[in-house]
Amino acid sequence: MFLAIHPEFRLIMLANRPGFPFLGNDLFAVLGDLFSIHVVDNPSRTSELAMLKQYGPNVKDEHLQQLVSAFDELREMADNALLSYPYSTRELVNIVKHLQMYPDDPLTAVVRNVFDFDSYTKETTQSIEAVFQKYGIPLGIKNPEENVFLSRRFPIEEPRKLGEWKIKENIKPFLIEPKIVPLISEKEFDYKKYAFNLEMHHSRASMFSEQKFFWQLPISDVNICSDILDIGNGKLCVATVNPPTLYYIPDQRKASCVEIDLSQQFSKFLRGEFRPRFTLSNWNSNGVLMHEETTNTLLMVDFEKLKIYKLRNDESTVFGSIVDKFTQGSISNTSNHWRLLNHSERPILYNKGGNELQILFPGDLPAGAEIILLPNEFSISNILSASKDKILIAANKGTLLLTFESDGRVFLRPLTEDSDIPLHFETINKIQADSDNPNPSFMLSHEDFYAIKSENFPELMSSGEVFAWKRPSEEGKYVQEEIPYRSLKEKFPLNHPQKEVVIFDNGVLVRAIPKWKTPGKALPKNISPTAISGFLEVVDPRRNNVQYIPVPSTRPSMYHSAWVASISKTPFTISKGSDGKSLYTCETNGAIRKWEIDEIELMSSLQAWHKLFGTEDSNERIEFEKDETQIDMSKLTEPTLGKYDHKNNPHVGGNMWQGGTGGYNTAGLGGVGGPFRLDAGHDVHQIHEGAKNQVPEDYKRKAREINRREYQKRLRDIDMSEHDAETYETFKEKIKKQVTHMKSIIDSLEAREQERQWVKHQTSGDLDDAKLIEGLTGEKGIYRRRMEQPPEPGAIQTKPKRLRLVFDVSGSMYRFNGHDKRLQKSMEAALMVMEALEGKQDKIKYDIVGHSGDGPEMVFTTPDAPPTNEKQKYDVAKKMFLQSQFCYSGDFTLEALQLAISKVSKETDVDERFVIVLSDANLDRYGIKPHHLAKRLEADPKVHAFVILVGSLGAQADKLVKALPAGKAFYASDTAQLPHIIQNIFASTLIK
C-alpha cells in the first residue's frame, strides 16, 4: 500500500555548515540534489540585538552591545581560520538567557561557561580573552581585587573666609546699549567625508582606574590637538592645527571617525608665522562652533549638511569692508586677541585686551549676535559666565558685573572686594544647592588656590562671602624638578582657561597641571615620571580632599614645543563631558581619554566592575592619609566616648563625635588619643603615626581606663537577641556551601598516627622464624624489628586529630576591616569551623584562641567543651569582634604561634597535631620578618603548623606567602577558599 504525497508537502531540513567541528555525513553530497539549498548567514547586528533583547529583557543594553561586538569579531576570526570553532548566535543566546535567569551571576563566569571547552588550548584561550577584553568584558583577569589602581586622595585644610565682595555702593551703573545683529555666513564650503575606523579601547578590560575609554587619532608627529568637545549623544569633536583639521566621532560606541580638512579656510595663512589655536563650542546637536584665535576666524561645521560656514556679524559698513580686505590676512600672536567662551546656551566671543564682547545665539543661519561695547576705559582680560543674565568681567580696573535686566536694559557695575580676594578668576560654575545650604553658591578657580567658593553673589545682588581652600606655600619636591625654558613660559598667557580648568555642578574642580607643578607625593609607586604626561588635580571641596590622577604619556611630542606651550601648559587639554559627570583629556598627539571623576560615580562603577567577577563589596571605602604638617595637637583633650550622631554623618578631624575619623580623643578610626576603635562606615582619614608619640601619659592612662570599662560592659551585654539571631542566620547562609564542603573533607580523613609494628626483611634485629630456610641459603634480610610505621592507606581513624586555630584579633584587623573585610572573614572562618566540626569530635578535637596587643592567648573555645548551639557559636564571633575593637596596639603573632605549638605538642592520644594561624599580612609594621615566622612554623616536627592570610594591603600577602616555606602559607582573599586550603593542609601530611 502506498500513501500519496500531498502536492503542497514540503520538508525543511536544518543542517550545520560542512567542515570542522561539525561531524557526520556530507549532506550536500548525499541529498543535495533532492533539496533546494539556502545558506542562512548570521543575523545582522540590529536583528541580533533585537532578538537577544527578547531573550533577556532585563539584561543591560551595555552588556548586550559588548557581547554582540565580541561575537562578531569571533565569527570573523573563525572565517579567517584564526579560530577553529565558528561561534554562532546559539552560544550568544545561551549567555543572555543565563544572565536573564541569574542576574547576580558574574558576567565573566557566565561567558567562561561557554568557552571553557577550549581552555585546554592556551593560544585559543588567549585569543578569545583578548577579544572580550577589547569590548570591555575582563575575561581571563585573575585576582581582580589586585588590579584596582585608584589615585590616592590627600586631605586639604578646611576653607577660610577671604572676605566679601559686592557691587560698589553710591556709584551709578553704566548703562550699556547692546546691538542685536544677524550672524550670517560670509562663505560656505562643502566638505567631503573621509571616514576611517577608530576603535574605542575599554581601559577597564584588564584593570580598574579612573580612566574608562581610550582612542588614538591617527595624526602625524607634527600635528597638534588644540581642543576637544563632547557635543552630546555620544558625539565627540577634536580640533588639530597642523594642518587645520576637525575630527568628528559620530558615536563613541562605534568604530567610526570622520576627518574634515579645514586647510581651504586658512589657505592665505598657511605661510609665514601662522600658528593657529582652535577653541570649540557647542552650536546644536548636528554642528559645532570653531574659533581660531590668531586670525579671529569663526567657523560653524554642520555634520548633517556636510558644510562649513565662515561666520561674521552683519554690521559691516562700506569703510569696514574696505578695512577688512586689508586686514583679513593679519595674524595676532600676542596675548591681546579674540577668544571664544563655550557656554551651554550661548557662546561668547570677547576681545582680550579690548572692550568688546559678542554673545552668540545658536540656531539656523542666519542666527543672531548681541554686541556689547564697554566704556573705553575698560580693557577685558577674562569673561566668566555666571548665569544667562549675569556675566563677570575681569578688567584692567577690577572686576565688573554685567547684568541683563528683564526689561531689556543692560547694566555694567563695578565691584568692591576685600583685599584677600583675588582680582581675577579663571572659571566659574554654579554648584547644586543642598538641604544644608539652600542659598545659591558658586565655585571659582584661581591658580593660587585649590578652590574658591562664593555664597549668594553674584546671583543675588547683595554682598557675598568668599571662602577659599588655599594651597600650601611650599609643596616640597615636585614630580619633575626641571621647569620649562623661559621661551616656553612666555607662551603661557596665550592658554585658554577653559582648556585647563573644569568645574562640575557638584563643586568638584579639575585642573590640568604639569609635572613640574605637581607635588612629588602624587607620583604612584613603581611608575617613572617619563611615563606620565601630566596630572589631573581633582579637588573635592565637599570632603576637603585632593587627588592627583596621572595621565599616561603615549608618545612624547618632538616638534613645535613653543606651539604646544601656547595651547596648554600640559601636553593635553581637558573638557567636561555632556553628561556633567565625566571628563575628557586630549593629548597633543591625538590620544583621547574619558575619565570618571566623581567619587560616588567611581565607587558605583567599581562595584559594577567587581560584580563582573562576583567580588563586589557594597561597603567599598576610600582611605586618606594625613602628613605630619596636618597634625593639630591643640584639639587633643582628655579622652572621652564622644557624642552619638543619630544621623551618622561623617565627622573628620574633630574631637566631639564618636565614630569619626582622623580626629582626637574620641572613639573612632584613624585618629589619636581615643579610648577604642569605632567604625561608623565612613571613609577613613588616617592621622600620621607620629601624632601618637605626642599624646601625654595621663591621657593614655585615662583612655585605657575607659577602654577596659567599655570592654567589660560589652562582654556583659553579650546575649543573643532576635536581631542577633537574624544576623547569625545571614552569616550561616553565606558560609553554607563552605560548611558542606568542609564536612565532606572531615569525613574523608584517614588515620595518620604512626604505630610500633613488627617490620620484616631487616638486616638486623630478632631472627624471624619464618626466614630460617632463607638464612641457610645466604639471605641477609632474615630479621625483624619493632619500628614506627604509618597506617595502611584507608585505615580507619581511631583517634581524633588535634587542631588549634589561632586567630589574629589585633587592632589592625578592626582598623582595616573596611579595606578588605579581614575581620569579617576571620569571624566567618570561625563560624564555618564550628558549624562543620559540630558532632565530629571523634574526627577532630579543636579549640579556638586569639592574640592581640593584649597578649598571646585569648581563649574563645576549649577542646573539651566546644560550642554546641547557635548562641554559643555567635558569642565566639562577637568576642572576637570586641577583642579586636578594644585591644591595645601591638602584635603577639610569634608568641601566640610558639605557645600554641608548645601546648598542642604535649597532648597525647591524638592522631595528628595541627596549628593554623589566621592573620593579616601586616606583620612588617611590627618588625616581624618572614624568616622569624618560618622558624616558628617548623619549630616542632610533631606539630604541623600553617598560616592563612586573610588581609593584605596591596601585595603584602603575596610577598609573604612566597617568602615562607612552600606549602606553609596561604592567602585567602575570600572565605570560599578556606575549605580548599584546609583540605590542602590535611593532605600535605601525606608526603611527610
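The values are calculated or read from the model by the stated rules, or taken from the named source; none is laboratory data. Predicted model, so just to flag it, every value in this text is computed and none were measured. Note that we place each Cβ from the backbone using ideal geometry, even for glycine, and neighbour counts take in every protein chain shown. In case anyone asks, the SASA skips ligands and DNA or RNA and just uses the protein heavy atoms, side chains included. Shrake-Rupley method; radii C 1.70, N 1.55, O 1.52, S 1.80 Å.
General remarks:
- Residues of the stretch 1-16 that turn out to be aromatic (Phe, Trp, Tyr) and over 20 Å from ASP33 (Cβ atoms), as a count: 1
- Exclusive hit being touching a strand residue (DSSP E or B) at 6+ places or on another chain (Cβ under 7 Å), more than 30 Å from TRP563 (Cβ to Cβ) and among the acidic types (Asp, Glu), set GLU455, GLU500: GLU455
- Every pair of residues 6+ apart whose Cβ atoms lie under 7 Å, when the first sits in the stretch 466-488 and is aliphatic (A, V, I, L, M) while the second is in a loop (DSSP other than H, G, I, E, B) and at pLDDT 85 or above: VAL466/ILE421; ALA468/PRO159; VAL479/THR518; VAL479/LEU523
- Residue within the stretch 188-211 that is in contact (Cβ under 8 Å) with a residue 24 or more places away in the chain, of a type in the set (S, T, N, Q) and open to solvent by 40 Å² or more (accessible area, probe 1.4 Å) present: yes
- Flag for ILE421 being of a type in the set (Val, Ile, Thr), crowded, with 16+ Cβ neighbours inside 10 Å and not in a strand (DSSP E or B): yes
- Across the stretch 865-874, a minimum of one residue is classified as over 33 Å from the mean Cα position of the chain (by Cα), of a type in the set (Ser, Thr, Tyr) and not in a helix (DSSP H, G or I).
- Matching entry among SER445, SER419, SER441 (being touching a residue at least 12 places away in the same chain (Cβ under 8 Å), closer than 17 Å to VAL508 by Cβ and out of contact with any Leu (no Cβ under 7 Å at 6 or more places or on another chain)): SER441
- Among the candidates LYS873, LYS942, the residue that is among the basic types (Lys, Arg), open to solvent by less than 30 Å² (accessible area, probe 1.4 Å) and on the phi < 0 side of the Ramachandran plot is uniquely LYS873.
- TYR485 meets all of the listed conditions (1) hydroxyl-bearing (Ser, Thr, Tyr); (2) surrounded by fewer than 20 Cβ atoms within 10 Å (Cβ to Cβ); (3) over 26 Å from SER566 (Cα atoms) but one, namely (3).
- The C-beta contact set for the stretch 643-668 (first residue at pLDDT below 75, second residue of a type in the set (Lys, Arg), distance under 7 angstrom, 6+ apart or interchain) comprises GLY662/LYS626.
- Residues of the stretch 606-620 include at least one that is within 30 Å of LEU99 (Cβ to Cβ), outside any helix (DSSP H, G or I), among the aliphatic types (A, V, I, L, M) and at pLDDT below 85.
- Count of residues meeting criterion [under 42 Å from the mean Cα position of the chain (by Cα) and modelled with pLDDT under 90] in the stretch 154-190: 5
- Cβ-Cβ under 7 Å pairs, at least 6 apart or on other chains, the stretch 729-751 side more than 17 Å from LYS873 (Cα to Cα), far side open to solvent by 90 Å² or more (accessible area, probe 1.4 Å) and modelled with pLDDT under 75: ALA751/ILE796; ALA751/THR798
- Just one of the listed residues (GLU157, GLU146) is over 30 Å from TRP469 (Cα atoms) and open to solvent by 20 Å² or more (accessible area, probe 1.4 Å), and it is GLU146.
- Residue match in the stretch 536-549 (condition: within 24 Å of PHE208 (Cβ to Cβ), open to solvent by 40 Å² or more (accessible area, probe 1.4 Å) and in contact (Cβ under 8 Å) with a residue 24 or more places away in the chain): yes
- Pairing residues of the stretch 858-884 that are within 20 Å of ASP679 (Cβ to Cβ) with residues that are open to solvent by 70 Å² or more (accessible area, probe 1.4 Å) and of a type in the set (D, E, K, R), at Cβ distances under 6 Å and at least 6 apart in sequence or on separate chains, gives LEU882/ARG714.
- Filtered by the rule that a residue be surrounded by fewer than 16 Cβ atoms within 10 Å (Cβ to Cβ) and within 17 Å of PRO178 (Cα to Cα), the stretch 355-367 gives GLU356, PHE361.
- Filtering ALA896, ALA921, ALA900 for residues that are touching a Ser or Thr at 6+ places or on another chain (Cβ under 8 Å) and crowded, with 21+ Cβ neighbours inside 10 Å leaves a single hit, ALA921.
- The residues of the stretch 271-304 that are touching a helix residue (DSSP H, G or I) at 6+ places or on another chain (Cβ under 7 Å), open to solvent by 10 Å² or more (accessible area, probe 1.4 Å) and in contact (Cβ under 8 Å) with a residue 60 or more places away in the chain amount to a single one, ARG275.
- The residue list LEU365, LEU401, LEU349 contains one member that is closer than 23 Å to LYS166 by Cα and of a type in the set (A, V, I, L, M), which is LEU401.
- Selection of first residues in the stretch 215-235 that are farther than 14 Å from ILE592 by Cβ and of second residues that are of a type in the set (A, V, I, L, M, F, W, C) and open to solvent by 60 Å² or more (accessible area, probe 1.4 Å), restricted to Cβ pairs under 8 Å at least 6 apart or on distinct chains, gives the following pairs, ordered by first then second residue: ASP221/MET558.
- Screening the candidates GLU465, GLU490, GLU455, GLU447 for the property of being over 24 Å from PHE154 (Cβ atoms) and open to solvent by 70 Å² or more (accessible area, probe 1.4 Å) yields one hit, GLU490.
- Qualifying residue in the stretch 468-479 (condition: in contact with a Gly (Cβ under 7 Å, 6 or more places away or on another chain), over 29 Å from LEU412 (Cβ atoms), open to solvent by 30 Å² or more (accessible area, probe 1.4 Å) and not in a loop (DSSP other than H, G, I, E, B)): yes
- Qualifying residue in the stretch 493-510 (condition: more than 29 Å from TYR350 (Cβ to Cβ) and loosely packed, with under 15 Cβ neighbours inside 10 Å): no
- When every residue of the stretch 436-449 is checked against the conditions, none turns out to be of a type outside the set (Ser, Thr, Tyr), within 26 Å of the chain's Cα centre (by Cα) and in a loop (DSSP other than H, G, I, E, B).
- The residues of the stretch 243-258 that are surrounded by fewer than 20 Cβ atoms within 10 Å (Cβ to Cβ) and under 14 Å from LEU217 (Cβ atoms), listed by number, are PRO243, TYR248, GLN252, ALA255, SER256, VAL258.
- Looking only at residues in the stretch 658-702 that are more than 25 Å from HIS646 (Cβ to Cβ) and in contact with a Phe, Trp or Tyr (Cβ under 8 Å, 6 or more places away or on another chain), the one that is surrounded by the fewest Cβ atoms within 10 Å (Cβ to Cβ) is GLN686.
- Yes/no for THR554 being touching a strand residue (DSSP E or B) at 6+ places or on another chain (Cβ under 6 Å), surrounded by fewer than 19 Cβ atoms within 10 Å (Cβ to Cβ), in a loop (DSSP other than H, G, I, E, B) and in contact (Cβ under 8 Å) with a residue 24 or more places away in the chain: yes
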